[in-house]
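Trainee: Below are the structure tokens for one structure; questions will follow.
The values are calculated or read from the model by the stated rules, or taken from the named source; none is laboratory data. Predicted model, so just to flag it, every value in this text is computed and none were measured. All Cβ positions, even for glycine, are placed from backbone atoms using ideal geometry, and neighbour counts span all protein chains on display.
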Amino acid sequence: MKLILSLLSFCLFFLLPPESAVAQTDTVVIKSDTTFIIPDTAIITKLPVGKLHRKSLMIGDSIPVEVPDSIREKEHSPTKATLMSTFLPGLGQVYNKKYWKIPIIYAGFGVLGYFVITYSNDYQTYKNAYLESIQGVKDGKYSAYVAQYTADQLLASRDFYRRNLEINCIFTVLWYALNILDAAVDAHLYTFNISDRLSMRVEPAPLQFTGFSCRPSSGVNLSLHF
């Protein structure tokens with residue numbers, strides 16, 4: 001009897017494949033920056049865009065396996081968003097799906113453009129009036145200003161509007177650069193991994209008595225979970 005059992009054990013040992021071979025027949029290897037061993041029952045799903053903005057592999061129904069960052073970054077290009085906002089302000093924000101920023105961008109350009117045009121017209125007016133004043137022209141195009149103000153007043157007004165014009169031109173350039181920077185930063189954070197476990201809790205909490213004081217005191221307890 002023992003001889004028969006020994007023969008059966010010996011046959012089973014050589015006839016059955018090892019566990020490693022069985023495991024390999026049920027796996028699929030995904031070659032990327034990081035190698036994952038995924039069962040052949042895994043399905044590719046896309047998580048809601050408003051939640052994590054990324055694709056993941058779902059093993060069964062519960063365990064997500066994240067796709068490497070080098071793959072996810074190809075889906076949204078910061079360089080493309082920067083170039084789009086450079087050529088047309090607000091276009092990079094459209095690419096980043098930050099549509100609410102577009103009215104703010106063009107409202108800023110509208111206000112700055114209004115002041116640039118206004119100060120430019122005033123600067124030209126007082127500059128020409130000053131020239132007519134020092135040249136002794138009494139019936140020129142700006143004779144009303146020449147008759148109302150002295151040459152020194154016209155010169156001071158010209159310098160005032162020229163300074164304001166230059167300041168508003170600088171602000172316009174800075175606003176344009178801020179539009180490009182905003183598009184680039186939003187594009188970099190577009191695929192930023194925000195964990196569902198990240199949370200903050202603020203609640204009132206009693207404080208311990210200090211020294212010889214017996215008066216109760218209260219405070220705030222701040223808890224971070226990540």
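Trainee: Out of all the residues in region 146-158, which are assigned to a helix (DSSP H, G or I) and surrounded by 13 or more Cβ atoms within 10 Å (Cβ to Cβ)?
Mentor: Residues satisfying the conditions are Val146, Ala151, Gln153, Leu154, Leu155, Ala156, Ser157, Arg158.
Trainee: Next question, about the same structure. Looking only at region 57-104, which residues are under 15 Å from His188 (Cα atoms) and at pLDDT below 55?
Mentor: Asp69, Ser70, Ile71, Arg72, Glu73
Trainee: Check whether at least one residue in region 122-144 is in contact with a helix residue (DSSP H, G or I) (Cβ under 9 Å, 6 or more places away or on another chain) and under 19 Å from Leu174 (Cβ atoms), and report yes or no.
Mentor: No, the conditions are met nowhere in region 122-144.
Trainee: With the requirement that a residue be under 21 Å from Tyr119 (Cβ atoms) and either surrounded by 15 or more Cβ atoms within 10 Å (Cβ to Cβ) or not basic (Lys, Arg) (or both), what does region 130-145 give you?
Mentor: Those that are under 21 Å from Tyr119 (Cβ atoms) and either surrounded by 15 or more Cβ atoms within 10 Å (Cβ to Cβ) or not basic (Lys, Arg) (or both): Tyr130, Leu131, Glu132, Ser133, Tyr142, Ala144, Tyr145.
Trainee: Is at least one residue of region 160-167 touching a residue at least 40 places away in the same chain (Cβ under 8 Å), within 30 Å of Thr86 (Cα to Cα), in contact with a Leu (Cβ under 9 Å, 6 or more places away or on another chain) and part of a helix (DSSP H, G or I)?
Mentor: The answer is no, given that none of the residues of region 160-167 is touching a residue at least 40 places away in the same chain (Cβ under 8 Å), within 30 Å of Thr86 (Cα to Cα), in contact with a Leu (Cβ under 9 Å, 6 or more places away or on another chain) and part of a helix (DSSP H, G or I).
Trainee: Considering only residues that are out of contact with any Asp or Glu (no Cβ under 7 Å at 6 or more places or on another chain) and assigned to a loop (DSSP other than H, G, I, E, B), which ones fall in region 110-142?
Mentor: Hits for region 110-142 are Gly136, Val137, Lys138, Asp139, Lys141.
Trainee: Against the definition (part of a helix (DSSP H, G or I) and modelled with pLDDT under 95), how does Ala107 come out, yes or no?
Mentor: no
Trainee: Given the condition within 30 Å of Gly90 (Cα to Cα), surrounded by 17 or more Cβ atoms within 10 Å (Cβ to Cβ), at pLDDT below 95 and among the hydrophobic types (A, V, I, L, M, F, W, C), answer yes or no: does some residue in region 187-194 qualify?
Mentor: Among the residues of region 187-194, at least one is within 30 Å of Gly90 (Cα to Cα), surrounded by 17 or more Cβ atoms within 10 Å (Cβ to Cβ), at pLDDT below 95 and among the hydrophobic types (A, V, I, L, M, F, W, C), which makes the answer yes.
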